[in-house]
Structures are given as structure tokens and as C-alpha cells.
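The values are calculated or read from the model by the stated rules, or taken from the named source; none is laboratory data. Just so it is clear, the model here is predicted, and its values are computed rather than measured. So basically every Cβ, Gly included, is an ideal-geometry build from the backbone, and we count neighbours across all protein chains shown.
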Amino acid sequence: MRYSCKNFVFLIYYLYSQIANAFDEKGGLMALIELKNVSFSYDKKTDAIKNLSLSIERGEKVAVIGHNGSGKSTLAKLFNALIKPDGGSVIVDGFSSDKKEDLFEIRKRVGVVFQNPENQLVASIVEDDVAFGPENLGIEREEIGKRIDFALKSVDMEDFRFRSPERLSGGQKQRIAIAGVLALKPEVLVLDEATSMLDPKGRKEILGIAEKLNREQGTTIINITHYIEEIVGYKKIFLLKDGELVFCGTPEETFKKVDLIESCGLILPRATQIANKLKRNGIPLPDGILTEERLLVELCKLK
Amino acid sequence: MKDITFGQYFPAKSFVHSLNASVKILLTIAFIVAVFLVNQYYFLGFALCFLFILITTAFAKIPFTKLLSSVRAVVFIVVFSAVLQVFFNKTGKVVFSWRFIKITDAGVYTAIYITVRILLIVIGASLLTYTTSPVEIADGLEFLLYPLKVIRFPVHEFALIMSIALRFIPTLMNETGRIIKAQKARGADFESGNIFKRAKALIPVLIPLLISAFRRADELADAMDARCYAGSKKRTKYKKATFSFRDAIGFITLGGLIAGVVLLNGFFGVIV
Ligand SMILES: Nc1ncnc2c1ncn2[C@@H]1O[C@H](COP(=O)(O)OP(=O)(O)OP(=O)(O)O)[C@@H](O)[C@H]1O
Ligand SMILES: [Mg+2]
């Protein structure tokens, strides 16, 4: 009887600490990923990330856009504690990347897929590669087997389980890289220009996989890209320029900032460009036209 | 450059594939020892080794043409050492002479002997890599080297380095091919000139290759860290190697081969 009483107190305390963890000092509900005044420098001279704050909620689909060298990959590495911020803090699900004992809790939760699929695969057999992450976590054999099944199924590559990645296409290799990350059951999937080395079909497939994971598993998606048309349908867009966050908003709001986007060295989608030109020539079109379909609909509405 | 079949795993479900990797590594070493034990001039020992290879290949369900393709990788070395023997071995009876060239019977024998020896060893070693995936080989090595832990040898790291090296060999081979083509397109000349000139022409290939290899290593390290790699401490293994009765059969067969070779050596030693 006394035992169960103690257990009960313990349970209450545990629940309390879990709930308390989910709030920040001010009592606001904490986001899954929270960056506060983060700065980072590779060479201690120039900052690759400058005083950057942002938050990403659980289950959201967000995109980070910026030109070459704007600090996108640096941000991706900050998200999963591959690098520690020089100033400010990175908090993931209550864990801080400043604490050594929290590192693996963060990396478990935030999976990053990098640009070049070739340089992310460690093993010469697909299933061995997918097993690498779970093995590192010290997971038991049967569970690893299940995770391989799950991960390969998620990326639609079950048939390639015993093949060598060497013989796969770029898009297929990238899918295996994603599977390798998914086997860790992350809450957040970061794609750091994961589609930039693929052809349009491969790009579409990878984005489709991210979409599906978001929809079916509730995985938070952070798509880092310089293909601005990819951000259609995302919840939040972060625009980076020289390590600074210059804008944050919905895709529609983002595309209204034509000058800002162009000053960041990015190119607007063709439909938006055409719409803007038409508007400048006096044709009354609404703001925020992103796709060719939408442009067509709006044009048909005109008399 | 493209066809580097030597050392590429050939997945199948067979008796040989199912053997324990550590056992297979030991057996391969034993096989090489057997090949070295074959006495010069007594080629029956080689025939026995070759028979062993054929049987193993059949049991491994590997197409016999694969054996040929593994040989192709070493043709140059084999021909080179054979030619060296034929022309420069001055012992034994002269069987052919023309101007300053003298070919002796001992030279020809040794050339054949060395050729067969190298071929058997290469085929034997490639049988190991055909039937054992790089991860298994690395794990097998890790197991065999385990005693070295006593002297603080980083056994796990060594095995991981081995398997990553095996994984990147084809990648870097392809890359070399690409760089050569790119430099040719810029007018680089790899075919003419003496050996020093040609070696010098390779510098514009090696430097980009080295730089790219470092970049790859950097990115791979990031990707491994991102997947929670933290050394061998907590790590589990998805493919746990087990020993079985089959491994005993492997040992017995190879013991038989070595005994056979030794017996044949002794047998002919008595007669001749
Ligand atoms: N390992 C490094 N050492 C030193 N400086 C670096 C390193 N990696 C990146 N940088 C610098 O940090 C800045 C941001 O680089 P980062 O790779 O984050 O940009 P990016 O937005 O990902 O670019 P890209 O679109 O080319 O991938 C750049 O100015 C770059 O030169
Ligand atoms: Mg980048």
C-alpha cells in the first residue's frame, strides 16, 4: 500500500515535470524548436548566423529559403546540435544543445538529410545503412528490423533492401538517406537542399515523401531550399540573407515582398513573375499568385 | 575503369554465404597458406586448390564467369611478373636464345608457377568478398581482432574505417574516371611521353580527387553524427554473427585441402 502511494506521488511529480518542461520561463507554451538570439561563426571573424530567433511548432511544415552562403546549412546543423551556437540558445523539445547530455536527445528528435546522397550512406547494403542509426542508439535487433521495414516502406524502397546503394539512381539514394534518418523515428525531418541534386521527377518524389510523413505521422518538416516554388503550401517561410532572418510569413505574404526576395538573390516562380508584370501594366490581379493554375483562374475571372 | 567487379558483394542464399564471416576470413588465410605450401614443379597441388575453388563457387551459387572478372583486375600484375621471370631468370637449361635474349626452362616454370599462384590467391580472396558483405567482413575482422583490445587497439573504429573504405572505393573510382575525362576535355594528355611525364600528368587528377575525398569525409562525418554515432559504447548490431555446424564443415574441408597439398608434396618428393 505504501509502495503504491509512493508510486502515485512519483507519477504526479513526473507528470508535473513533463508539463512544466513544455512551458518556457514566461509561462508560454514552448515550441518544438526554439532558437533565441542565436549567432554562430566558423572562423570567429565573420558570423555565418547573426542574432537569429525563430520557433517551429510540432507538426508544422516550414521552409527556409536563401541564396548560396546565406547560412541555410549552418542553420540545419544548429537544429540538430551538430554545432553549438556561439551565442543564444537552441532548445529542441526542452533539450538544450548547450548541454552535452542533451545532444543525443536532440539528434534523435531532429533528423537531417543533406544535399549529396552519396556522402551520407555508410554501408554497402541498403538495409545495413538504414540500420546504422538505430544501432547507434543501442536498440535491440528485432526492433531494428521493424524500423528498417518501416523506414524503407515510408520511402517506398522495400524492394531494394538487399541491394547496394552504389547501383541506385540519385533520387533512390536520397530516399535511402531519408530512410536512414527515419529509422531513428525523428519528430522533425530537416531536408537541407535534399532535392537540389535531383531531376524534377526525383525532386517531386522526395517532396511527396515529406508531405506524406507530415500528413500521416505528424512529422514536422523543415524544407531548406533555394527553389522558391517549393514553398507553396507550407505554413511558414523563413527568408535568410547573409545569416540574418530578414522575413518570416506565409507563402502568400512572402511572394508579395518582390523586392526583398530579389534583393536576396532568389527568383520568383514564373506565374508570380507574369502576374506582377501584368499588374504593372494595369491588369487588376490579386496579390500572392504562386501557381500557373491560380494565375489561369484569376485571368479567367477578368472581363 | 568502370568495371571493378573485384570485391563486389554478390548477394545470394547459399551455404558459403551463410558461413560466419570470421570463419571465412580465417579460411581465406588458410587457403592462401595452402597455395603457398604447394611445392614448385608439383602442379597437382594447384589442381587440388583449383578444384576446391570450383566446388566452393558452385556451393556459393556464384556464376563461374565472376571468377574471370575478378582475375581481370590483376591481369597487368600477373603478366608483368611472368614476363619478368621468363626474360630475366638465368638459372636452369637454356631452351631458347636469340641475340641477347635467353629463355631458360626454370624461367618458364617459375613464370607459370607465379602466375598460377597469384591467380589462385586473387580468386580465393575475391570468393570471400563475393560471398560476404563489407559489413560482415568488417564485423568478422572486429571479432578476430578483439584480443587486441587488451593493448587498447581501437578495434571497433578500425572495423568501421574498413567498411567505409570498402563502401567508398567504387564511388572514388567513378570520380577518378570523371576527373580524367574532365582534364582530358581541358587538353590534358595522359597517354604520351615517358613514364615520368605520365606520372606528372596524373597530378591534376590526384589533387582534385584528394580534395573531393576530404570534402566527402567531412560530409560523411556530419551525416554519421546526425545519425547519433557515438563510438562503440552503447552500439548494438543488427546482424549478429553466429557460429554453426556449417562453420565446422568449412574448417574440415580446408583442413583436408591443406593436408592434401602437403601429402602431394611429400608423395612426389619421394617418387621424383
Ligand atoms: N566548414 C566551414 N568553415 C568555414 N566557413 C564555412 C563553413 N561552412 C560554411 N561556411 C561559411 O558560412 C557561411 C554560410 O554557409 P552555409 O553553408 O550555411 O550556406 P548555405 O546557405 O547552406 O549555402 P548553400 O546554398 O551553398 O548550401 C558561408 O559564408 C560559408 O562560406
Ligand atoms: Mg547548404
Filter result for the condition that a residue is touching an Asp or Glu at 6+ places or on another chain (Cβ under 7 Å) and more than 16 Å from ligand 1 (Cβ to nearest atom), over A:Ile91, A:Ile178, A:Ile106, A:Ile125: A:Ile91
In the range A:186-205, the residues that are away from ligand 1 (no atom under 16 Å from the Cβ), under 19 Å from A:Ile222 (Cβ atoms) and not β-branched (Val, Ile, Thr): A:Pro186, A:Glu187, A:Leu189, A:Lys204, A:Glu205
Test result for B:Ile164, at pLDDT 85 or above and within 21 Å of B:Asn20 (Cα to Cα): yes
Test: residue in the range A:82-97 that is farther than 26 Å from A:Lys204 by Cα, aliphatic (A, V, I, L, M) and assigned to a loop (DSSP other than H, G, I, E, B): yes
Output for the range A:141-177, where each listed residue is closer than 18 Å to B:Arg227 by Cα and of a type in the set (A, V, I, L, M, F, W, C): A:Ile144, A:Ile148, A:Phe150, A:Ala151, A:Leu152, A:Val155, A:Ile176, A:Ala177
Out of A:Leu152, A:Leu137, sole residue that is more than 25 Å from A:Arg215 (Cβ to Cβ), aliphatic (A, V, I, L, M) and out of contact with any strand residue (DSSP E or B) (no Cβ under 8 Å at 6 or more places or on another chain): A:Leu137
Qualifying residue in the range A:79-100 (condition: among the aliphatic types (A, V, I, L, M) and over 23 Å from A:Gly243 (Cα atoms)): no
Condition check for A:Glu105: over 13 Å from A:Ala179 (Cα atoms), modelled with pLDDT under 95 and either in a helix (DSSP H, G or I) or within 16 Å of ligand 2 (Cβ to nearest atom) (or both): yes
Count of the range B:215-254 residues which are of a type in the set (Gly, Ala, Ser) and in contact (Cβ under 8 Å) with a residue 60 or more places away in the chain: 5
Of residues in the range A:35-49 being away from ligand 1 (no atom under 11 Å from the Cβ) and farther than 14 Å from A:Val92 by Cα, the one surrounded by the most Cβ atoms within 10 Å (Cβ to Cβ): A:Ser39
Options A:Arg215, A:Arg175, A:Arg203, A:Arg167; residue that is within 14 Å of chain B (Cβ to nearest Cβ) and among the basic types (Lys, Arg): A:Arg167
Test: residue in the range A:122-140 that is more than 21 Å from B:Gly231 (Cα to Cα) and facing chain B (nearest Cβ under 7 Å): no
For A:Lys61: the one exception among (1) in contact (Cβ under 8 Å) with a residue 40 or more places away in the chain; (2) within 16 Å of ligand 2 (Cβ to nearest atom); (3) basic (Lys, Arg): (2)
